[in-house]
Amino acid sequence: MQTLEKEIRPSRFTAAKMKWLLILSVIGPGIITGTADNDAGGITTYAVAGASFGYKMLWILLIIAFILGITQEMGARLGLVTGKGLAALIRENFSIKITTFVVLVTFSANWANVLADFAGIASVADIYGVPRYVAVPIAALLIWLIVYKGSFKLVQKIFLTSTVLFLSYVIAGYMAHPDWSAAVDGIIRPTMDMNTAFFYTAVAMIGTTVTAWGQFFVQSYYVDKGVSSEFMKYSRWDIIAAAFWTSLVAFFIVIATAATLNVAGVTIQDAGQAAMALEPLAGAFAKHLFAWGLLNASLLGLAVVAMTSSYLVTEAFGWEGRVDLKKESPVFYGLFTFCVFSTAAAILIPGLPLVQIIVGSQMLNTFVLPVLFIAILVLLNKKKLMGKFANGLFANIVSWLSVAFIVIMASMLVVMTFMPGSL
Amino acid sequence: MAGCWRLSPKSRLMIFLSQILNLPVVDSREAEIGRLKDVVVQVRDGAKYPEVSGIVVKSGRKESVIPYRFIENLGYGEITLKKSDCCIEGYKFSNSEILLARDLMDQQIFDVGGIRVVRVNDLELVKIEEKFLLMSIDVSNRALLRRMGLVNIPFIRKTRSHFIDWGNVSLVKGLAGNLQLKTSKEKLEKLHPADIANLIENLNFQESTNLVQSLDEETAAEVLEEVEPEYKESLLQRINPSNLAEIVEEMPTDEAADVIQALSEQKKIQLFKRLGVRKARELHRLSKYKEDTAGGMMSGDFMFVRNDITVQQAALRIRKASEQYSSIYHVFITDEDKHLEGIVSIRTLLLAKQREKISSIMSKVHHTVRTNADVEDVARIMTKYNLLSVAVTDRKKVIKGIITVDDILRYLIPDA
């Protein structure tokens, strides 16, 4: 037996290599969720932040990285220890009424989120003079086909590739010849303009990062990956990498517009305009990078959010369907089809009050976040459920404070939107 | 509320768990002692339906148990007791007791009849004579709506309930948690391994791992063979090594070799440590061949004897060795250097005279394949000559293994 063992143990396989392989195998859920947070809505917010306030808002990205890390770690831990999605856990541990509330509100908020991503696609189409009546249906069909026909592995590969494509923003930011010392200064020295617009943008940056769908998605993804709780410490690498990468992309978007639009005094409303405005200031290539980045971000965002919506509903109400179909249930695909095509159709309606719908979605997000995070923290404190991975005192203090912070920020966003000047 | 009572001709009383949870519990002095928190049922060997054995009452933060014999009326409206001061505090539930709200409501179960995993939306209790029995589980959307108080909306009223009889219910949680319910497992083990595999693919990894580990090794081995390759890989990683070793011992060698292939190096070493020497040797030998060749596909499940023994001796050898092999239809005959010479079917062996030399009754083997032969070529040879199995030999004509027709089918139609 001794010789047998020796023969099957490859000698080059060192412990360090093993560790790296483990880290690579768990990487994905955090990175993809974090990156998808930078979808059309996120990019617009960052582009506006840079164009309006230059380098002054960069320090907020540190807060974002921290909060993203804290909330994702909670989702990952729940998923890895229980092996269940958040919707199922809420249903099993709280009531059917709370479940229904959370699911319906998140579903509606997600719908508007997908709509915003189609708006991103439409504005890229406008930049290149492609009729949006052609571009939007093609995008919808593409995403639908990938999810309907593709396997879990294929979809994951496409998502990860898309994550890498966010590099285009890093390049665009670099090409804008930013003032690096001002950028570093903006990160390490918090400054605030005492006006509503500054505050509003700061809150919006945090609000686009922590979302209800993000919590559902990151948890389900960890469950689907099937990594056990032994790998918990490695999943933390995924989460740290995600917080870093997400903020890095945001950093370069902000400095791209800060170095150009802010210096030239150009103000913008959305990411599409940012791409257009970049051309005279940073060259055509920067414009293309920005526009293609937006297209990529919108596609990833809409696929991820629409899938989350479908998972959420089927899981909460037990509509997973018959097992011998191998694929997801008809209800899953029905919901996914609805999410993608109803939003694609809606965005093509002339005179659609897009801004109001997106604001409305943020509001729904605000309603559901407190319920969701309280549920998550209660679950994390259940010794029976979490065993040795239950929250300790320190984890509780950090997470309750973070959650309180998120909820206050998100509520302020709603108040400021509906009652401008009240703060 | 009166409309919710359903009285069948035999005047059975039927209630939904969701409709009695949280109702006030009133004792014989008409004092409200708390609210109904849960209903306890007792699972008994041989009994088709579990019987209600008590209730859990919550008052403030205090929870206590009341045995069923003290309950006067369990129904809609309120729950009344025959006595006062009959609460038991700090009651320890046994392994055969299920708390309906805690363990079943909103949890996932196996529907053994429909072979699927479903979520419990409600539970149906039926009163027969003086006993309350857990009859069935409601998995319909109607039950969901009822619990949200929406059942009286006209179009919803027409929707149907969908009940699963308790006889077809097997617990997911019971297999994993502290309720080791024998009956639950027995119901599941009646299914075809391929069906159990289907169920497993629909669970999360934790539950599926627990399920595989709870099955007896033989069933587990058969089930694992049927699980989709993509899913199998992650599943195998999670089964604990000593359990896995027991399961692998039950597998035919070719399947076991596939399992080994899917494991990480660390797990492989752990597994080999726990395997019997014979199995380990064989597996190690097989793992040397490439996957899509005859060598990678063949199984070591064959028996060979030397050409100079008698029929009687051969039969004795078969009897002695039969436990090691999952099936024996043929015995291969070799010379003293293991070169393949012929084959004898069990039938021929049975009919032959005991004293006869085995070489005189064997038929010559005309078609063999080499270990490095392509699987497609193997399939072609077997089809052309109508072979149910074919022997695999190395360069020197030494027999290494056999490939049977089901191995080929599995290769050609991997998804079945």
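The values are calculated or read from the model by the stated rules, or taken from the named source; none is laboratory data. Since the model is a prediction, treat every value here as computed from it, not as a measurement. Note: ideal-geometry Cβ built from the backbone for every residue, glycine included; neighbour counts use all protein chains shown.
Annotations
- Pairs, first surrounded by 15 or more Cβ atoms within 10 Å (Cβ to Cβ) in region B:254-282, second of a type in the set (D, E, K, R) and not in a helix (DSSP H, G or I), C-beta under 7 Å, six or more apart: B:ILE269/A:ARG9
- Verdict on B:GLU255 being under 16 Å from the mean Cα position of the chain (by Cα) and more than 12 Å from chain A (Cβ to nearest Cβ): no
- Residue match in region B:97-108 (condition: surrounded by fewer than 21 Cβ atoms within 10 Å (Cβ to Cβ) and over 21 Å from A:SER95 (Cβ atoms)): yes
- Which listed residue, of B:ARG274, B:ARG317, is out of contact with any Asp or Glu (no Cβ under 7 Å at 6 or more places or on another chain) and within 14 Å of another protein chain (Cβ to nearest Cβ): B:ARG274
- Identity of the residue in region A:76-89, part of a helix (DSSP H, G or I) and facing chain B (nearest Cβ under 10 Å), that ends up surrounded by the most Cβ atoms within 10 Å (Cβ to Cβ): A:GLY79
- Any hit, region A:322-333, residues being away from chain B (no Cβ under 14 Å), modelled with pLDDT of 85 or more and within 27 Å of A:ILE96 (Cα to Cα): yes
- Pair list, Cβ under 6 Å, 6 or more apart: region B:159-187 residue within 19 Å of B:VAL212 (Cβ to Cβ) and surrounded by 19 or more Cβ atoms within 10 Å (Cβ to Cβ), other residue of a type outside the set (A, V, I, L, M, F, W, C) and modelled with pLDDT under 60: B:LEU181/B:GLY174; B:SER184/B:GLY174
Here is a yes/no grid of residues against (1) at pLDDT 85 or above; (2) exposed (fewer than 14 other Cβ atoms within 10 Å of the Cβ); (3) at negative phi; (4) in a helix (DSSP H, G or I):
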| site | (1), (2), (3), (4) |
| --- | --- |
| A:GLU320 | no, no, yes, no |
| A:CYS339 | yes, no, yes, yes |
| A:ALA345 | yes, yes, yes, yes |
| A:GLN356 | no, yes, yes, yes |
| A:ASN365 | no, no, yes, yes |
| A:ASN396 | yes, no, yes, yes |
| A:MET416 | no, no, yes, yes |
| A:SER422 | no, yes, yes, no |
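- Residue in region B:203-215 that is over 24 Å from A:VAL223 (Cα atoms), surrounded by fewer than 22 Cβ atoms within 10 Å (Cβ to Cβ) and within 14 Å of chain A (Cβ to nearest Cβ) present: no
- Among the residues of region A:116-128, none qualifies, meaning not one is within 12 Å of chain B (Cβ to nearest Cβ), over 19 Å from the mean Cα position of the chain (by Cα), surrounded by fewer than 24 Cβ atoms within 10 Å (Cβ to Cβ) and part of a helix (DSSP H, G or I).
- The residues on offer are A:LEU385, A:LEU393, A:LEU369, A:LEU413, and the sole one that is over 15 Å from A:THR211 (Cβ atoms), touching a residue at least 24 places away in the same chain (Cβ under 8 Å) and among the aliphatic types (A, V, I, L, M) is A:LEU385.
- Residues (within 27 Å of A:SER220 (Cβ to Cβ), of a type outside the set (Gly, Ala, Ser) and assigned to a helix (DSSP H, G or I)) located in region A:25-55: A:VAL26, A:PRO29, A:ILE31, A:ILE32, A:THR33, A:THR35, A:ASP37, A:ILE43, A:THR44, A:THR45, A:TYR46
- Condition met for A:GLY69 (within 11 Å of chain B (Cβ to nearest Cβ) and either acidic (Asp, Glu) or within 18 Å of the chain's Cα centre (by Cα) (or both)): no
- Cβ-Cβ under 6 Å pairs, at least 6 apart or on other chains, region B:138-157 side under 19 Å from A:PHE94 (Cβ atoms) and facing chain A (nearest Cβ under 10 Å), far side in a strand (DSSP E or B) and at pLDDT 85 or above: B:ALA143/B:ASP122
- Residue within region B:216-225 that is assigned to a helix (DSSP H, G or I), among the hydroxyl-bearing types (Ser, Thr, Tyr), within 14 Å of another protein chain (Cβ to nearest Cβ) and touching an Asp or Glu at 6+ places or on another chain (Cβ under 8 Å) present: no
- Just one of the listed residues (B:ASN210, B:ASN198) is of a type outside the set (Gly, Ala, Ser), under 29 Å from B:GLY167 (Cβ atoms), in contact (Cβ under 8 Å) with a residue 60 or more places away in the chain and not assigned by TED's automatic domain parsing to the domain that holds B:LYS397, and it is B:ASN198.
- Restricting attention to region A:1-40, the residues being under 18 Å from A:LEU165 (Cβ atoms) and either at pLDDT 80 or above or among the hydroxyl-bearing types (Ser, Thr, Tyr) (or both) number 11.
- Selection over region B:77-114 of residues that are farther than 14 Å from B:VAL65 by Cβ, touching a residue at least 60 places away in the same chain (Cβ under 8 Å) and either in contact with a strand residue (DSSP E or B) (Cβ under 8 Å, 6 or more places away or on another chain) or not assigned by TED's automatic domain parsing to the domain that holds B:TYR49 (or both) gives a count of 9.
- Within region B:309-354, the residues that satisfy the criterion of being in a loop (DSSP other than H, G, I, E, B) and in contact with a helix residue (DSSP H, G or I) (Cβ under 7 Å, 6 or more places away or on another chain) are B:ILE309, B:ILE328, B:TYR329, B:ALA352, B:LYS353, B:GLN354.
- Residue that is modelled with the lowest pLDDT [pool: residues in region B:283-302 that are buried (at least 21 other Cβ atoms within 10 Å of the Cβ) and within 14 Å of chain A (Cβ to nearest Cβ)]: B:LEU286
- Counting only strands (runs of 3 or more DSSP E) wholly contained in region B:58-129, the ones carrying 3 or more residues that are more than 14 Å from every other protein chain (Cβ to nearest Cβ) occupy B:62-67, B:71-73, B:79-81, B:122-128.
- B:ALA221, sole failed condition from (1) closer than 30 Å to B:SER94 by Cβ; (2) within 11 Å of the chain's Cα centre (by Cα): (1)
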